[in-house]
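The values are calculated or read from the model by the stated rules, or taken from the named source; none is laboratory data. From a predicted model like this one, the values you see are computed outputs, not experimental measurements. FYI the Cβ positions are ideal-geometry reconstructions off the backbone, even for glycines, and counts take in every protein chain you see. Surface accessibility is based on the protein's heavy atoms, side chains included, excluding ligands, DNA and RNA. Shrake-Rupley method; radii C 1.70, N 1.55, O 1.52, S 1.80 Å.
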Amino acid sequence: MIVARFTCEILRAIPVGEIRVQARLARPGRSVELLEAVASADGREVARATAWRVLRTASPPVAPRSAPPPALPGEASSTLPGAPPPAAPGGWVDGYLSAIEWRPVRGHFAEPGPATVWARMRYPLLPDEETGPLERVLAIADSGNGASSELDLRRWQFINPELTVHLHREATGEWICLDARTVISTGGAGLATSVLSDVDGQVGVGAQSLFIAPRERRHPV
């Protein structure tokens with residue numbers, strides 16, 4: 001089986017601490033399967049995920065009609081080890097940014113507008129376990145709204161309560177290319193979409209629904 005679609009619903013703030021995860025096969029089948037997982041903290045559900053898996057077959061590939069991803073930049077364009085992207089805007093809480101190596105092609109986190117960036121995980125997702133191709137793609141796909149932000153993070157929040165990724169093949173290698181853009185309309189909703197590729201070409205697309213709202217200003221006491 002290969003995962004063809006993954007969706008994660010973020011139900012509330014996920015604490016930095018002990019997380020319990022329960023997974024089950026919700027819909028078994030010979031051709032397609034539906035998986036479900038729930039993450040809990042302190043007895044409360046904090047996230048839910050579903051994934052459709054399809055059977056691997058001998059179907060022939062069809063050459064993609066979309067343009068190939070840009071070439072992976074050399075190390076000279078990479079951020080320094082352990083450092084976030086250059087000129088990261090105020091309001092970012094570091095941790096994830098430094099855990100990923102970024103090699104921007106166009107745009108970056110501190111520059112409003114669409115962005116194309118190559119990225120790879122510096123560390124395994126779980127200690128002493130090899131990170132698989134699905135995890136490598138999903139870890140980068142969740143950066144679509146941040147990389148292509150259209151608003152000042154210090155004045156606005158654009159929270160994604162969910163992430164959905166459609167895949168048509170497994171990624172190869174450590175590097176994932178994220179080609180992202182964000183659209184925001186009047187009314188408090190937005191949409192961030194991303195094309196996801198590896199060095200051999202496109203592997204899928206990602207999307208994030210966005211909640212748009214001004215940040216509360218804290219007045220001195």
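Report the local net charge at GLU162: Lys and Arg +1, Asp and Glu -1, summed over other residues whose C-beta lies under 12 Å from its C-beta. Charge balance near GLU162 sits at -1.
Residues HIS168, HIS108 ordered from highest to lowest accessible area at a 1.4 Å probe: HIS168, HIS108. Sites count as exposed loop sites when they are trypsin sites (Lys or Arg not before Pro), lie in a DSSP loop, and have at most 16 other Cβ atoms within 10 angstrom; the longest stretch of the chain without one is 66-121. Distance between the 7 Å Cα→Cβ label points at LEU11 and ARG24: 1.3 nm. Using a/c under 1.5 as the rounded threshold, could you call the chain rounded, prolate or oblate? The axes a ≥ b ≥ c are square roots of the C-alpha gyration tensor eigenvalues, and prolate needs a/b larger than b/c, oblate otherwise. Here the chain falls in the oblate category. Computed with a 1.4 Å probe on the full set of protein chains, the accessible area for ASP142 sits at about 70 Å². Neighbours of GLY43 by Cβ distance under 14 Å: Lys/Arg scored +1, Asp/Glu scored -1, total 0. Taken as Cα centroids, the stretch 144-221 and the stretch 13-66 sit 20 Å apart, rounded to the nearest whole angstrom.
Would you please classify the overall shape of the stretch 1-75 from the alpha carbon gyration tensor, given that a ≥ b ≥ c denote the square roots of the eigenvalues, rounded means a/c under 1.5, and beyond that prolate means a/b larger than b/c while oblate covers the rest? Oblate, since a/c reaches 1.5 and b/c is not below a/b. Among the GluC sites (Glu not before Pro) in the stretch 120-169, those placed in a DSSP loop whose Cβ has at most 12 other Cβ atoms within 10 Å are GLU129, GLU130.
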